[in-house]
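> Before anything else, here's the structure in question.
The values are calculated or read from the model by the stated rules, or taken from the named source; none is laboratory data. Please read all numbers here as calculations on a predicted model, not as lab measurements. All Cβ positions, glycine included, derive from the backbone under ideal geometry; neighbour counts span all protein chains shown. Accessible surface is based on the protein model in full, side chains and every heavy atom, while ligands, DNA and RNA are left aside. Shrake-Rupley method; radii C 1.70, N 1.55, O 1.52, S 1.80 Å.
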Amino acid sequence: MQTLGEFIVKKEHDFPHATGELTALLSAIKLGAKIINRDINKAGLLDILGANGVTNAQGEAQTKLDKFANDALKAALEARTEVAGIASEEGIVIFKGEKAKNAKYIVLMDPLDGSSNIDVNVSVGTIFSIYRRTTAIGLPITEADFLQPGRAQIAAGYIVYGSSTMLVYTTGCGVHAFTYDPSLGEFCLSHEKVRYPTQGHIYSINEGNYIKFPLGIKEYIKYCQQEDEATGRPYSSRYIGSLVADFHRNLLKGGIYMYPGTASYPQGKLRLLYECNPMAFLAEEAGGKATDGTRLILDIDPYPNELRQDLKIDPKKLLHQRSPLFIGSQSMVEKVEQLIAESSKNIF
Ligand code: AHG
Ligand code: MN
Ligand code: MN
């Protein structure tokens, strides 16, 4: 049996110039995850269910657990010397002091994903994404440090609090999954080098929004429901409503998760920087694909030059930008891209 800590240290030896800082940072995330896991497991007993009456930066109701999870991770990361600042649904926090001025990394995160599921005992998750700072060492970082394309990620991962708790991460050398053993208080290696199965049979989308979906998506849903022996259709429809849990199932079984733009929300619901990008990094590392329908998620520049030059644009707001997301088994993502492209040709 190999613990997450042992595994990360072993991997570090593969990089001769590694300083151990990323290892320390991942271990802070591991600690935060254990704290969140402990309280989620007692959610019905502690007074942590439901909304806390606060509205977050994007006008969404914050749940008590959103706040709790954010605080737990913030405390674990701030205590270290490796992190210059963090950003999440709750906003950007630039850490103060000399330690932060010299810290190499920044962390973006969705501390509690799927928060509406927590009150009904359905799987939720935590998503994290790690980048090198872009501001020179020795200076305080700025909001722009958090607005990097996903391709620049150093590491990304998630914790899924499900029937068991698992931590899944990548540093660009494959995707590895660890299952939490509560009796040991350790995450233990359970799936090394996870890859999507070649052919997936699951599609995950909130079909309640069907009427407002673009034509290409409606056609893909029809395609999933048709009978075809060669591709194993009809596919099964599975939707939990927690991106982490839906992604995790599709990663292990083969499938596609979709949150398209709709007539009312052209950019969809999911946040590019702390939901789409980390999941896209994991998907690509597992042999899958993630796009917004036409572009690879990891290639999207959240702060292109034309926005940098526009003084009316507040970089703090760009943190919460949204993107449509099609993520999962490569052949399934390519099929939906093909139908999106064909349907847009038909319009003109
Ligand atoms: P969060 O709880 O962090 O706001 O994220 C919820 C997200 C995502 O996890 C999930 O897949 C999606 O919202 C579900 O949205 P719908 O209820 O619109 O399907
Ligand atoms: Mn989320
Ligand atoms: Mn959240």
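> Per residue of the range 223-237, in order, report the coupling 6.51 cos²θ - 1.76 cosθ + 1.60 (Karplus, θ = phi - 60°) as ³J(HN,Hα) in whole Hz, putting x for Gly and Pro.
4, 4, 8, 6, 8, 7, 5, 4, 9, x, 8, x, 7, 8, 9
> Could you check how much of the accessible area of the range 202-347 is carbon and sulfur, as a whole percent, using a 1.4 Å probe? It would help to have the intermediate numbers written out before the result.
On the way: 3270 of 6580 Å².
Answer for the range 202-347 is 50 percent, counting heavy atoms of protein chains only.
> About the Cα centre of the chain, what is the dipole size in debye to 20, counting +1 per Lys and Arg Cβ and -1 per Asp and Glu Cβ, all else neutral? Each step should come with its number before you reach the end.
Working: 37 positive and 40 negative charges, 50 e Å.
Magnitude of the dipole: close to 240 debye.
> Right, next: Pull up all non-local amide H partners of SER190: gap of 5 or more, or a different chain, and H-to-H distance under 5 Å with H placed in the peptide plane.
ALA177, PHE178, THR179
> Further question on the same structure: For the chain, what relative contact order do you get, as a whole percent, if you take Cα pairs closer than 8 Å and at least 6 residues apart? Please report the intermediate quantities before stating the final value.
Working: 709 pairs, mean separation 53.8, N = 348.
Contact order relative to length: 15 percent.
> For HIS191, HIS248, write out the residues from largest to smallest accessible area, computed with a 1.4 angstrom probe and no ligands counted. Mind showing how you got there, number by number?
Values: HIS191 65, HIS248 25 Å².
The ordering from most to least exposed comes out as HIS191, HIS248.
> Karplus couplings for the range 143-159 from phi (6.51 cos²θ - 1.76 cosθ + 1.60, θ = phi - 60°), rounded to Hz, Gly and Pro as x?
Residue by residue, the range 143-159 yields 4, 4, 4, 8, 10, 9, x, x, 4, 7, 4, 8, 7, 7, x, 8, 10 Hz.
> Carbon and sulfur: what percent of the range 4-191's accessible surface (1.4 Å probe)? It would help to have the intermediate numbers written out before the result.
Details: 4220 of 7700 Å².
The C+S portion of the solvent-accessible surface of the range 4-191 is 55 percent.
> Continuing with the same structure: Measure out, as a whole number of angstrom, how far apart the alpha-carbon centroids of the range 164-226 and the range 270-348 sit.
Each part's Cα centre sits 17 Å from the other's.
> Work out from phi, with θ = phi - 60° and the Karplus expression 6.51 cos²θ - 1.76 cosθ + 1.60, the ³J(HN,Hα) of each residue of the range 54-64, listed in order in whole Hz, and give x for Gly and Pro.
Per residue, the Karplus-derived 3J(HN,Hα) values read 9, 10, 7, 4, 9, x, 9, 5, 8, 8, 4 Hz.
> According to a simple spin-label model (label point 7 Å from Cα along Cα-to-Cβ), what is the distance in nm between LYS316 and GLN226?
Placing both labels 7 Å along Cα→Cβ, they lie 5.1 nm apart.
> Explain nothing, just the number: relative contact order of the range 4-191, from Cα pairs under 8 Å at least 6 residues apart, as a whole percent.
Details: 322 pairs, mean separation 27.7, N = 188.
Relative contact order of the range 4-191: 15 percent.
> What FRET efficiency, computed as 1/(1 + (r/R0)^6) with R0 = 22 Å and r the Cβ-Cβ distance, is obtained for SER236 and ASN206, rounded to the nearest 0.05?
On the way: r = 16 Å, r/R0 = 0.71.
Using R0 = 22 Å, I get an efficiency of 0.90.
> In the chain, what % of DSSP beta bridges are antiparallel (nearest 5)? Walk me through the numbers before you get to the answer.
Numbers: 47 of 57 bridges.
Roughly 80 percent of the DSSP beta bridges within the chain come out antiparallel.
> Taking the full set of protein chains and a 1.4 angstrom probe, give the accessible area of CYS173 in square angstrom, rounded to the nearest 10.
60
> Same structure again: Quick one: helix 330-347 against the long Cα principal axis of the chain, what's the angle to the nearest 10°, folded into 0 to 90?
That works out to roughly 60 degrees.
> Would you calculate, for the chain, the mean residue ellipticity at 222 nm contributed by helices, counting each DSSP H stretch of 4 or more residues as -39,500 (n - 2.57) and dividing by all residues, to the nearest 500?
Details: 10 runs with 106 residues, N = 348.
-9000 deg cm²/dmol, from helical runs alone.
> Here's a follow-up. Keeping all protein chains in place and using 1.4 angstrom, which order do ILE340, ILE141 fall into by accessible surface area, from largest down? It would help to have the intermediate numbers written out before the result.
Values: ILE340 35, ILE141 10 Å².
Order by accessible area, largest first: ILE340, ILE141.
> If you count only protein heavy atoms with a 1.4 Å probe, what accessible area per residue comes out for the chain, rounded to a whole Å²? Walk me through the intermediate numbers first.
Values: 15460 Å² over 348 residues.
Computed with neighbouring chains in place, this is 44 Å² per residue.
> Could you point to the residue in PRO266, GLN226, TYR203 farthest towards the positive end of the range 202-347's charge dipole, with +1 and -1 charges on the Cβ of Lys/Arg and Asp/Glu respectively?
PRO266
> Between beta-carbons, use under 14 Å as the cut-off and find the net charge around ILE313, counting Lys and Arg +1, Asp and Glu -1.
Numbers: positive: ARG308, LYS312, LYS316, LYS317; negative: GLU143, ASP301, GLU306, ASP310, ASP314.
That sum, taken over residues with Cβ under 14 Å, equals -1.
> Quick one: how many Å² of ARG295 are accessible to a 1.4 Å probe, rounded to 10?
About 120 Å², ignoring ligands and nucleic acids.
> So for the pair LYS345, ALA51, with labels modelled 7 Å out along Cα→Cβ, what separation do we get in nm?
Calculated label separation equals 4.7 nm.
> Please report, in debye to the nearest 20, how large the charge dipole of the range 31-165 is about its Cα centre when each Lys and Arg carries +1 at its beta carbon and each Asp and Glu carries -1 there. The partial results should precede the final answer.
Values: 14 positive and 15 negative charges, 118 e Å.
That gives the range 31-165 a dipole magnitude of about 560 debye.
> Another question, if that's okay. Kindly express, to the nearest 10 degrees and within the range 0 to 90, the angle between helix 21-41's C-alpha long axis and the longest C-alpha principal axis of the chain.
Around 70 degrees separate the two axes.
> With every protein chain left in place and a probe of 1.4 Å, what is the accessible surface of ARG308, to the nearest 10 Å²?
110
> Taking all protein chains together and a probe of 1.4 Å, list GLU89, GLU12, GLU98 from the most accessible to the least accessible.
Numbers: GLU89 15, GLU12 45, GLU98 120 Å².
Final ranking, largest accessible area leading: GLU98, GLU12, GLU89.
> Any idea how far apart ALA61 and GLU21 come out in nm if each label point goes 7 Å out from Cα toward Cβ?
4.2
> Lys/Arg Cβ at +1, Asp/Glu Cβ at -1, dipole of the chain taken about the Cα centre: which of ILE40, ALA286, ILE217 is farthest positive-ward?
About the Cα centre, the residue reaching furthest to the positive side is ILE40.
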